[in-house]
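Below is one structure, written out as structure tokens; the observations come after it.
The values are calculated or read from the model by the stated rules, or taken from the named source; none is laboratory data. Small disclaimer: the values here were computed from a predicted structure and weren't measured. For neighbour counting, all protein chains shown are included, and Cβ atoms are generated from backbone atoms with ideal geometry for every residue, glycine included. Side chains are part of the model used for accessible areas, which takes the heavy atoms of the whole protein and leaves out ligands, DNA and RNA. Shrake-Rupley method; radii C 1.70, N 1.55, O 1.52, S 1.80 Å.
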Amino acid sequence: PNEPVSNGNFPDLPEWTFWADEDVTATPIVYGSNVFARTSEAVYKIDANTGILIWRFASPGTSSSLDVSPQISGNLVIVPERGALLAAVSIETGHLVWRLRSVDANRKNTGNMEIAGFTINEGAIYIARYDWKLTSYDLESGQKLWEANVPGRVSLYLAADHNAIYLAAGHSLYAYDFHFGQLLWKKDMGAYITSMVENNGYLYFAFLSDTCHLAAFNLKTRQQEWQQCSISIDNLELGYLTIAEGVLYATDENLFAFKLSTGEMLWISQSAGPLERPIVAGDRIYVRNNETTMFVFDTMSGDKLGHLLVQSDAAVKEQPGRNPAI
């Protein structure tokens, strides 16, 4: 009540607001002229221009306060569900195409094997389940193709290219054959991995470390091309990486910009509180902090151009892996 709702580049009022029947529990995804919103009990397809509901698909969310967002491939919306399961929904009609019945018929408690992340590549879905397995499914039918064990009780990050599926877990990077699931190679990255992103034959990592915080890994040579060890970070954790126009952006309580080819730091923003994952749109960067404010920064200088107060009583407040969608 004692400060404006917005300043700088943000208007005071939204173009539209859509009220779901339940709490929104994941980053919305934008596809064409539609928005897909995940709630604790459903997925909604919304017209991006008007905010009008097109369809609602009943889908139980996970027990986590932040669900993994759906992904779209062709005419299917792939939705992670409660019990570490998965559903495929027609993007046009919202009707169920297939749904996994069970992850493991012999395992009654699936609460500790939730979906940590998934990626779609070459007509297949690859799912990393926490403290369980990396599993490949046929995209059109949902049939299981292969399965491989993953290390237990560590954060899991997935990426893919035309050569392999890459899994980051703990200190290690694993490469699997995407047709049959064999382990092709393994690399010790030297520190606990907190984020990973793939771009044009390279993997970029953020680490939980008191020495080096970022690295670029060449997938062809399987060697690190650069490390960033010179920045001072109070909590020793840099994460939530985003790449745009030859620049690698990362967050802690500041927003950082690094030259993608060399790791040279281009700028650092002023502190804005613990920041979530940034997203780039043209010459602007949008990022929310873990409390009640979303910021816009300039991509060239890192200058803060404005802020917007967001709903303070939202069920999902502190979720570093969340980001806006544009």
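If you check 257, 216, 281 for being touching an Asp or Glu at 6+ places or on another chain (Cβ under 7 Å) and either more than 26 Å from residue 165 (Cβ to Cβ) or modelled with pLDDT of 95 or more (or both), only one passes: 216.
Within segment 257-269, being assigned to a strand (DSSP E or B), free of Cβ contacts under 8 Å to residues at least 40 places away in the same chain and not charged (D, E, K, R) holds for 265, 266, 267, 268. The lone criterion from (1) over 28 Å from residue 163 (Cβ atoms); (2) surrounded by fewer than 20 Cβ atoms within 10 Å (Cβ to Cβ); (3) in contact with a strand residue (DSSP E or B) (Cβ under 6 Å, 6 or more places away or on another chain) left unmet by residue 17 is number (3).
Condition check ((1) among the hydrophobic types (A, V, I, L, M, F, W, C); (2) surrounded by 19 or more Cβ atoms within 10 Å (Cβ to Cβ)) across all residues:
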position: 31; (1), (2): no, no
position: 41; (1), (2): no, no
position: 44; (1), (2): no, yes
position: 70; (1), (2): no, yes
position: 84; (1), (2): yes, yes
position: 89; (1), (2): yes, yes
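Of all residues in segment 173-224, those that are out of contact with any Leu (no Cβ under 7 Å at 6 or more places or on another chain), within 22 Å of residue 147 (Cβ to Cβ), in a loop (DSSP other than H, G, I, E, B) and not aromatic (Phe, Trp, Tyr) total 3. Does residue 78 satisfy the condition of being buried (at least 18 other Cβ atoms within 10 Å of the Cβ), in contact with a strand residue (DSSP E or B) (Cβ under 7 Å, 6 or more places away or on another chain), over 29 Å from residue 295 (Cα atoms) and modelled with pLDDT of 90 or more? Against the criterion (buried (at least 18 other Cβ atoms within 10 Å of the Cβ), in contact with a strand residue (DSSP E or B) (Cβ under 7 Å, 6 or more places away or on another chain), over 29 Å from residue 295 (Cα atoms) and modelled with pLDDT of 90 or more), residue 78 qualifies.
Evaluated against (1) open to solvent by 50 Å² or more (accessible area, probe 1.4 Å); (2) touching a residue at least 40 places away in the same chain (Cβ under 8 Å); (3) assigned to a strand (DSSP E or B), residue 227 falls short on exactly one condition, (2). A search for C-beta distances below 7 Å between a residue of segment 49-77 that is in a loop (DSSP other than H, G, I, E, B) and any residue that is polar (S, T, N, Q) and surrounded by fewer than 16 Cβ atoms within 10 Å (Cβ to Cβ), counting only pairs 6+ apart in sequence or on different chains, returns 49/33; 51/17; 75/90. In segment 84-107, the residues that are free of Cβ contacts under 8 Å to residues at least 40 places away in the same chain and over 22 Å from residue 54 (Cα atoms) reach residues that are among the charged types (D, E, K, R) and assigned to a strand (DSSP E or B) with C-beta atoms within less than 9 angstrom, at least six apart or across chains, in these pairs: 85/99; 103/129; 103/133; 104/133. Applying the criterion of being among the aromatic types (Phe, Trp, Tyr) and in a loop (DSSP other than H, G, I, E, B) to the residues of segment 129-147, the residue that is surrounded by the fewest Cβ atoms within 10 Å (Cβ to Cβ) is 130. Scanning segment 270-281 for residues that are open to solvent by 10 Å² or more (accessible area, probe 1.4 Å), under 26 Å from residue 225 (Cβ atoms) and not in a strand (DSSP E or B) yields one hit, 277. Considering only residues in segment 154-172 that are part of a loop (DSSP other than H, G, I, E, B) and closer than 15 Å to residue 132 by Cα, the one that is most open to solvent (accessible area, probe 1.4 Å) turns out to be 155.
Within segment 270-295, residues that are over 16 Å from residue 244 (Cβ atoms) sit with their Cβ atoms under 6 Å from residues that are among the β-branched types (Val, Ile, Thr) and open to solvent by 20 Å² or more (accessible area, probe 1.4 Å), at 6+ positions apart or across chains, in these pairs: 292/310; 294/310.
For segment 284-305, filtering for residues that are loosely packed, with under 15 Cβ neighbours inside 10 Å and either modelled with pLDDT under 85 or in a strand (DSSP E or B) (or both) leaves 1. Taking each residue of segment 5-24 that is in a loop (DSSP other than H, G, I, E, B) and modelled with pLDDT under 85 and looking for partners that are open to solvent by 80 Å² or more (accessible area, probe 1.4 Å) and not basic (Lys, Arg) with beta-carbon atoms closer than 9 Å, six or more apart or interchain, yields 5/12; 5/13. Only a single criterion out of (1) small (Gly, Ala, Ser); (2) open to solvent by less than 10 Å² (accessible area, probe 1.4 Å); (3) within 19 Å of the chain's Cα centre (by Cα) is not satisfied by residue 175, namely (3).
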